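The values are calculated or read from the model by the stated rules, or taken from the named source; none is laboratory data. Remember, it's a predicted structure, so these values are computed and weren't measured experimentally. Note that we place each Cβ from the backbone using ideal geometry, even for glycine, and neighbour counts take in every protein chain shown. Just so you know, the surface numbers come from the protein's heavy atoms only, side chains and all, with ligands and any DNA or RNA stripped out. Shrake-Rupley method; radii C 1.70, N 1.55, O 1.52, S 1.80 Å.
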Amino acid sequence: IVVLDENFKLLNKYQIHNKKYFSDYHLKFSIIANNNILYVSDNLGFIYAYNLNSNEVVWKNNLGVPFLSNLAIYKNNIYVINSNGKIFSINSTNGNQNWSFETGSDTAKSYNAFKLAVSNDKLIFSNDFGIITCIDLEKQSIIWNLTMEPSSIYSDNNLFEIASPVIVNNDLYLVSSYGKLQKLDLDTAKIYWSTNFSSTLTPLINNDIVAATNHEGFLSIYNKNSGKVLYKRNIINYLRSNKIKTESTKIENIFIASNNFYLITNDGFIITIDSKNLESINYKNISNSFK
């Protein structure tokens, strides 16, 4: 793990695993930081805490089964899901396990099916059966379960995959490979609106809009309150119209800053779209690949 400052100056490097033993094994990590402590989980079943100031391991724990989800931290506890669909609450100070809860898992594993988010003392998480669960962290009890239903644009050849859930105030936003982008009430799972859109990339939410993109290049913008489509365009097709070869191009990330949308591709493009003039699109290729 490499830690850089805001000027991309190297601050620290951490050796996670011995390269001798894992040089031919694909490692998958999830990372989150809080109060100068870096937390890392991996698909070997390890979870670590590093002090970024002292460059020391604070604690490490091996729970045996690969961790596949993102990490979430809330009130000094870390939450993570393993490949069996089991969610763990881990004390962020010492690495001790507080509790665990098993939801089950399908035989065919989908790495992108296990996602979680936490806010307002509520923990939202998914498994590869397409079941979304909400737990009350104070009472440690299930508030509701929601089974995601495939839409008309869903392909039966795909495993269930989902973007990281987004919680804003008391609203929950979900988008998955099942072909639906939805806004729900966090307390009751009541669906405020639902629209056809398939993606595993986390949507952007602000005061007025929801912006979602997918690997295939579609960027869609919706009214946050009604779900009405405000804008829709295939950005990869825009690159093709400018004579750019995009046979293997996929959108890998989206973020917004300084009134611009930024889309990152797997083959090194940064695409900039002016949020005040969505017809203003610029792009630059910075490398052959971009992680």
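Could you tell me whether Phe101 is open to solvent by less than 40 Å² (accessible area, probe 1.4 Å) and outside any loop (DSSP other than H, G, I, E, B)? Spell out the reasoning first.
On the way: open to solvent by less than 40 Å² (accessible area, probe 1.4 Å): no; outside any loop (DSSP other than H, G, I, E, B): yes.
When the stated conditions are applied, Phe101 does not pass them.
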For the subset of the range 199-229 comprising residues that are open to solvent by 50 Å² or more (accessible area, probe 1.4 Å) and among the charged types (D, E, K, R), which member is nearest to Ile264 (Cα to Cα)? Glu216
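Taking Leu137, is it over 20 Å from the mean Cα position of the chain (by Cα) and either of a type in the set (S, T, N, Q) or surrounded by 15 or more Cβ atoms within 10 Å (Cβ to Cβ) (or both)? Working first, answer last.
Numbers: over 20 Å from the mean Cα position of the chain (by Cα): yes; either of a type in the set (S, T, N, Q) or surrounded by 15 or more Cβ atoms within 10 Å (Cβ to Cβ) (or both): yes.
Here the answer is yes, as Leu137 does meet what is asked.
When you scan the range 33-56, do you find a residue that is over 17 Å from the mean Cα position of the chain (by Cα), closer than 30 Å to Ala189 by Cα and in a loop (DSSP other than H, G, I, E, B), even just one?
Step one: filter the range 33-56 for residues over 17 Å from the mean Cα position of the chain (by Cα), giving 34-38, 44-56.
From the residues that got through so far, the ones that are closer than 30 Å to Ala189 by Cα too are 34.
This time we only want the ones that are in a loop (DSSP other than H, G, I, E, B), so: none.
No, the range 33-56 has no match at all.
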Looking at Leu27 and the list (1) at pLDDT below 90; (2) in a strand (DSSP E or B), which single condition is not satisfied? (2)
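So, in the range 68-98, exactly how many residues are among the basic types (Lys, Arg) and buried (at least 16 other Cβ atoms within 10 Å of the Cβ)? Give the steps one after another, and end with the answer.
So the first thing to find is which residues in the range 68-98 are among the basic types (Lys, Arg), and the list is 75, 86.
After this cut, where a residue has to be buried (at least 16 other Cβ atoms within 10 Å of the Cβ) as well, the list is 86.
Of the residues in that region, 1 qualify.
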When (1) in contact with a Pro (Cβ under 9 Å, 6 or more places away or on another chain); (2) farther than 19 Å from Gln182 by Cβ are applied to Thr213, the one that fails is (2)
Is one or more of the residues making up the range 230-252 surrounded by 14 or more Cβ atoms within 10 Å (Cβ to Cβ), out of contact with any Ser or Thr (no Cβ under 9 Å at 6 or more places or on another chain) and either within 24 Å of Phe114 (Cβ to Cβ) or among the charged types (D, E, K, R) (or both)? no
Here the residues within the range 253-291 that are open to solvent by 70 Å² or more (accessible area, probe 1.4 Å), touching a residue at least 12 places away in the same chain (Cβ under 8 Å) and charged (D, E, K, R) are Lys276, Lys284
List every residue pair whose Cβ atoms sit under 7 Å apart, with the two residues 6 or more apart in sequence or on different chains, where the first one lies in the range 145-169 and is within 15 Å of Gln182 (Cα to Cα) and modelled with pLDDT of 70 or more and the second, anywhere, is charged (D, E, K, R) and not in a loop (DSSP other than H, G, I, E, B). Ser151/Lys180
